[in-house]
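The values are calculated or read from the model by the stated rules, or taken from the named source; none is laboratory data. Worth saying up front: this structure is predicted, and the values here are computed from it rather than measured. All Cβ positions, even for glycine, are placed from backbone atoms using ideal geometry, and neighbour counts span all protein chains on display. We work out accessible area using only protein heavy atoms, side chains counted, and drop any ligands, DNA or RNA first. Shrake-Rupley method; radii C 1.70, N 1.55, O 1.52, S 1.80 Å.
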Amino acid sequence: MKLVLVESPAKAKTIGKYLGEEYQVLATYGHVRDLPSKEGSVEPENGFAFHWELEARGARQMKEISRALQGKEQLLLATDPDREGEAIAWHVEEVLRKRKALQGIDVQRVVFHAVTKSALSEALQHPRKISTSLVEAYLARRALDYLVGFNLSPVLWRKLPGSRSAGRVQSVALRLVVDREIEIEKFDSQEFWSITGMFSTPDDKPFEAKLFAIGGEKLDKFAIKNQQEVDDVLQRLRAASSSFVVTSLEKKRVKRHPYAPFLTSTLQQEASRKLGFSVRKTMQVAQNLYEGMDIDGDSAGLITYMRTDSVSVVPEAVQTARKLIADTFGASYVPESPRVFQNKVKNAQEAHEAIRPTDLTRTPEKLGARLPADHRALYALIWRRMVASQMAAAVFDQTSIDLENDGFTFHATGSTQVFDGFLRLYEETRDEPQEVNAILPPLKEGEKATLRNLVPAQHFTQPPPRFTEASLVKKLEELGIGRPSTYASILQVLRDRGYVRTEKKVFFPEERGRLVTTFLTNFFKTYVEYTFTADLEQKLDDISNARLPWKDVLTQFWTGFKSTVDTAMTLSMAEVIEKLNQELEDHLFKKNDATEELRQCPACKEGQLSLKPGKFGAFIGCSAYPACRYTRRLEESVSSEEVPSAQGVGPKILGQDPSGETITLRTGRFGPYLQRGDNLPQKPVARRTKKKAEEEQALAAVPAAQEEQVRTRVSIPRGLDPDRITLEQAVVLLSLPRNLGTCPKTETSVTVERGRFGPFVRRGPQCLSLKKPEEIFSLNLQEAIARLDTASNTETPRKRRIARRA
């Protein structure tokens with residue numbers, strides 16, 4: 001008997017179907033042990049010794065695996081075919097050997113890139129030992145991530161309160177987002193003009209051409225800079241003859257070749273553009289497709305391994321694709337020879353296969369509704385990309401012409417598709433808008449064309465676009481930073497730490513993220529350089545290919561990094577804040593002619609505003625403290641119409657409620673909150689005093705209708721942006737519960753309230769959570785009753801249990 005170990009239960013189920021009774025298949029559920037989040041888990045002074053810790057689930061699985069090994073003659077480690085898979089196999093073997101569970105058992109590593117019977121059979125015929133070089137590359141990467149995170153994050157916590165964490169790749173990805181935002185802020189838009197001529201041929205067929213040259217000199221982008229210059233050119237053109245001659249005509253036939261099959265990063269990018277999937281969702285769905293999906297009661301792996309840098313495809317799959325193309329589209333769509341693609345990814349590693357369907361005859365149409373919608377969409381994308389990669393090129397006829405008259409030259413280009421080729425099946429989406437080529441009417445050199453009209457157009461240069469998930473992944477890949485398999489987790493960490501936010505699918509750096517990046521680029525400059533991180537990735541690749549000793553790489557890194565950390569820890573808070581003030585002045589105070597006015601304290605009119613450290617993060621404060629206590633959060637903007645009070649901590653005046661009380665937005669130790677009136681928040685008490693208990697009892701006795709008069713402070717519900725809270729919304733929050741009216745059926749009040757688990761709507765004893773916090777303000781009586789009625793009629797597990805008991 002033999003025991004086969006894979007990562008997931010889904011993969012175990014699929015593989016178990018292909019193997020005979022002599023095999024037992026179990027799942028490790030991913031990594032079985034990890035480095036504990038505490039000091040000393042990696043010891044640089046002790047030869048970079050690791051102190052691993054079994055996770056709770058890992059410990060349970062290892063017990064089950066140890067029991068299953070009893071009576072077995074062979075252990076086959078069939079984890080994923082990459083560094084992580086090799087590492088999991090190594091961890092499992094190490095733990096089992098320490099438990100003396102492998103005595104007399106042959107341990108082998110088997111690798112396959114598709115969960116199919118043929119791939120599995122091939123892998124079982126070529127077992128091997130665990131790759132030492134791949135494991136060492138994993139250990140080096142794990143040590144680097146631990147040493148950077150565990151030593152750099154405490155520096156941030158102490159020198160930049162409010163910061164969450166830093167990481168070897170995470171901080172560089174954040175810098176990309178911040179640097180792009182700085183580019184946009186500093187971008188100086190320039191005006192320029194273009195002139196389009198509306199022409200017609202002798203047989204009255206219209207076409208357009210752009211003004212290209214004047215007096216034989218080609219016009220560059222900024223040749224016509226303003227309205228006056230364009231008016232001057234238009235006047236000269238209108239004074240000239242309207243008859244132009246075709247002085248140059250060039251025709252050529254061009255081919256557009258298909259794209260390579262997907263690798264991990266291109267799949268993430270295209271799924272984002274075409275399907276609107278996040279990077280994380282793409283990888284989750286792809287993992288399901290790889291490990292096996294239930295189709296008509298049968299489990300089958302539908303695609304090859306989804307973490308890969310390779311665009312190569314096995315010859316059998318290529319031949320299947322060519323036959324399918326010929327049968328489906330005709331022989332003209334099959335190129336003379338199979339297409340072979342070359343890797344263009346910087347630091348490409350683990351030369352697996354590209355991502356492709358395991359069986360190309362299993363078309364998206366055949367699978368139909370047997371797959372969930374998201375899985376069907378991603379499978380169709382992978383299938384079309386793979387088949388299209390082996391199709392014939394698309395063919396276009398391109399024509400370009402020059403028309404001249406009185407020293408003016410107009411230029412036009414046109415394109416006509418002669419043969420659609422692979423475009424019949426698939427076309428890649430681009431982040432940047434593509435220029436559309438018009439179709440030109442038939443023209444001959446020397447033929448005349450009449451200028452019918454002139455259309456000037458004003459343009460302004462545009463700043464570089466903010467990153468989307470797709471374009472950020474593409475940039476990271478181009479720079480050779482990180483691995484495609486880690487991009488999803490990196491982007492999620494940046495969001496979770498509050499360093500970036502996503503609006504309309506583009507990344508904006510938060511103030512906290514901007515502060516962290518400014519701190520790191522000033523005090524840890526080397527370690528957030530794009531080239532340094534990419535060079536380190538190259539060294540990790542060299543370790544995996546047995547070209548570099550892994551401990552030499554770690555020693556070289558740690559020597560310089562430890563010295564930088566020690567230096568940073570000696571910095572005083574004043575030094576850090578002074579440097580950040582210098583670097584961020586333009587951003588914090590929108591430097592312009594009115595900078596001094598913006599830096600003046602709006603409360604006391606005497607002090608100057610600057611960045612200051614705080615227990616819960618940096619903030620803007622007045623230099624006249626403690627005489628003036630004006631502060632504001634970094635995210636707040638100050639206008640002449642909205643001057644915050646000099647009392648309290650970080651106030652932002654929203655206005656006055658109907659009773660004339662001032663409502664302010666403040667920040668406390670537990671986050672942002674609203675306050676009615678000018679009373680400052682009291683310091684928290686360690687215990688519940690008798691007076692406090694009496695106040696709470698009195699408040700509890702106040703009817704809901706009178707509660708508005710008592711409530712003076714309320715926290716901002718999770719999910720609402722404090723900076724976008726309006727005065728009307730603030731009044732509602734301070735006045736909750738909000739009475740929507742009376743339900744005609746039950747003759748009870750329907751109210752919107754806040755509870756321990758968020759906002760909800762109540763009708764008598766029935767309560768229903770609100771999915772969106774904005775519904776606190778927008779929900780009306782009719783919609784609330786409809787939802788409550790639907791919920792009461794919906795069968796739930798609790799209702800079924802009650803019914804069974806009855």
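Any chance region 102-118 includes a residue that's in a helix (DSSP H, G or I), open to solvent by less than 10 Å² (accessible area, probe 1.4 Å) and either touching a residue at least 40 places away in the same chain (Cβ under 8 Å) or of a type outside the set (Lys, Arg) (or both)? Within region 102-118, not a single residue is in a helix (DSSP H, G or I), open to solvent by less than 10 Å² (accessible area, probe 1.4 Å) and either touching a residue at least 40 places away in the same chain (Cβ under 8 Å) or of a type outside the set (Lys, Arg) (or both). Taking region 710-736 as the range and being over 11 Å from LEU665 (Cβ atoms), modelled with pLDDT under 80 and in a helix (DSSP H, G or I) as the test, only VAL710 passes.
Scanning region 774-799 for residues that are assigned to a loop (DSSP other than H, G, I, E, B) and modelled with pLDDT under 85, which turns out farthest from VAL714 (Cα to Cα)?
GLU795
Would you confirm whether or not region 173-183 contains a residue that is surrounded by fewer than 21 Cβ atoms within 10 Å (Cβ to Cβ), assigned to a loop (DSSP other than H, G, I, E, B) and in contact (Cβ under 8 Å) with a residue 60 or more places away in the chain? No: zero hits.
Close contacts from region 129-147, counting a first residue that is surrounded by fewer than 18 Cβ atoms within 10 Å (Cβ to Cβ) and a second that is in a helix (DSSP H, G or I) and polar (S, T, N, Q), with Cβ to Cβ under 7 Å and a gap of 6+ residues or different chains, come to SER133/SER544. Does region 723-748 hold any residues that are under 39 Å from the mean Cα position of the chain (by Cα), over 14 Å from GLU661 (Cα atoms) and open to solvent by less than 20 Å² (accessible area, probe 1.4 Å), and which are they? Residues satisfying the conditions are ILE725, LEU733, LEU736. Report the residue count in region 623-642 for those that are in contact with a helix residue (DSSP H, G or I) (Cβ under 7 Å, 6 or more places away or on another chain) and at pLDDT 80 or above. Number of matching residues: 0. Within region 755-788, restricting attention to residues that are in contact (Cβ under 8 Å) with a residue 40 or more places away in the chain and open to solvent by 30 Å² or more (accessible area, probe 1.4 Å), the residue that is nearest to PRO737 (Cα to Cα) is PHE777. Restricting attention to region 287-326, the residues being open to solvent by 30 Å² or more (accessible area, probe 1.4 Å) and closer than 22 Å to SER265 by Cβ number 6. As a summary of the residue check, GLU21 satisfies the conditions (1) touching a helix residue (DSSP H, G or I) at 6+ places or on another chain (Cβ under 9 Å); (2) part of a loop (DSSP other than H, G, I, E, B) except for the one numbered (1). If you check LEU494, LEU479 for being under 20 Å from THR264 (Cα atoms) and of a type outside the set (Ser, Thr, Tyr), only one passes: LEU479.
For every residue, the table says whether it meets (1) within 30 Å of ALA574 (Cα to Cα); (2) at pLDDT 95 or above; (3) among the aromatic types (Phe, Trp, Tyr).
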site: GLN170; (1), (2), (3): yes, no, no
site: LEU176; (1), (2), (3): yes, yes, no
site: GLU183; (1), (2), (3): yes, no, no
site: PHE187; (1), (2), (3): no, no, yes
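Against the condition open to solvent by less than 50 Å² (accessible area, probe 1.4 Å), in contact (Cβ under 8 Å) with a residue 24 or more places away in the chain, not in a loop (DSSP other than H, G, I, E, B) and not basic (Lys, Arg), how does GLU250 come out, does it pass? Spelling it out, it is not the case that GLU250 is open to solvent by less than 50 Å² (accessible area, probe 1.4 Å), in contact (Cβ under 8 Å) with a residue 24 or more places away in the chain, not in a loop (DSSP other than H, G, I, E, B) and not basic (Lys, Arg).
For (1) β-branched (Val, Ile, Thr); (2) more than 33 Å from the chain's Cα centre (by Cα); (3) farther than 21 Å from LEU160 by Cα; (4) at pLDDT 80 or above, each residue gets a yes or a no:
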site: PHE523; (1), (2), (3), (4): no, no, no, yes
site: TYR527; (1), (2), (3), (4): no, no, no, yes
site: TYR530; (1), (2), (3), (4): no, no, yes, yes
site: ALA534; (1), (2), (3), (4): no, no, yes, yes
site: ASN545; (1), (2), (3), (4): no, no, yes, yes
site: PHE557; (1), (2), (3), (4): no, no, yes, yes
site: THR595; (1), (2), (3), (4): yes, yes, yes, no
site: GLY621; (1), (2), (3), (4): no, yes, no, yes
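Here the condition is being under 27 Å from GLY30 (Cβ atoms) and of a type outside the set (Phe, Trp, Tyr); of GLY276, GLY330, GLY292, it holds for GLY292 alone. Out of GLU93, GLU7, one residue alone is within 33 Å of the chain's Cα centre (by Cα) and farther than 21 Å from LEU540 by Cβ. It is GLU7. The C-beta contact set for region 254-265 (first residue open to solvent by 10 Å² or more (accessible area, probe 1.4 Å), second residue among the β-branched types (Val, Ile, Thr), distance under 7 angstrom, 6+ apart or interchain) comprises LYS255/VAL395; ALA260/VAL311.
Out of GLY167, GLY197, GLY149, I need the residue that is under 29 Å from LYS539 (Cα atoms) and outside any loop (DSSP other than H, G, I, E, B). Which one?
Going through GLY167, GLY197, GLY149 in turn, just one is under 29 Å from LYS539 (Cα atoms) and outside any loop (DSSP other than H, G, I, E, B): GLY149.
Of all residues in region 151-163, those that are among the basic types (Lys, Arg) have Cβ atoms under 6 Å from Cβ atoms of residues that are part of a helix (DSSP H, G or I), 6 or more apart or on another chain, in LYS159/VAL576.
Scanning region 50-96 for residues that are part of a loop (DSSP other than H, G, I, E, B), hydrophobic (A, V, I, L, M, F, W, C) and open to solvent by 10 Å² or more (accessible area, probe 1.4 Å) turns up just one, TRP52.
Taking LYS17 as the residue in question, decide whether it is modelled with pLDDT under 90 and surrounded by 12 or more Cβ atoms within 10 Å (Cβ to Cβ).
When the stated conditions are applied, LYS17 passes them.
The set of residues from region 289-333 being outside any loop (DSSP other than H, G, I, E, B) and of a type in the set (Val, Ile, Thr) comprises ILE295, ILE303, THR304, VAL318, THR320, ILE325, THR328.
Restricting attention to region 230-241, does a residue exist that is modelled with pLDDT of 90 or more, within 45 Å of the chain's Cα centre (by Cα) and either among the aromatic types (Phe, Trp, Tyr) or over 30 Å from ALA354 (Cβ atoms) (or both)? Yes; the residues of region 230-241 include at least one that is modelled with pLDDT of 90 or more, within 45 Å of the chain's Cα centre (by Cα) and either among the aromatic types (Phe, Trp, Tyr) or over 30 Å from ALA354 (Cβ atoms) (or both). Residue by residue through region 398-419, note down the ones that are crowded, with 16+ Cβ neighbours inside 10 Å and either acidic (Asp, Glu) or out of contact with any strand residue (DSSP E or B) (no Cβ under 7 Å at 6 or more places or on another chain) (or both). Within region 398-419, ASP402, GLU404 qualify.
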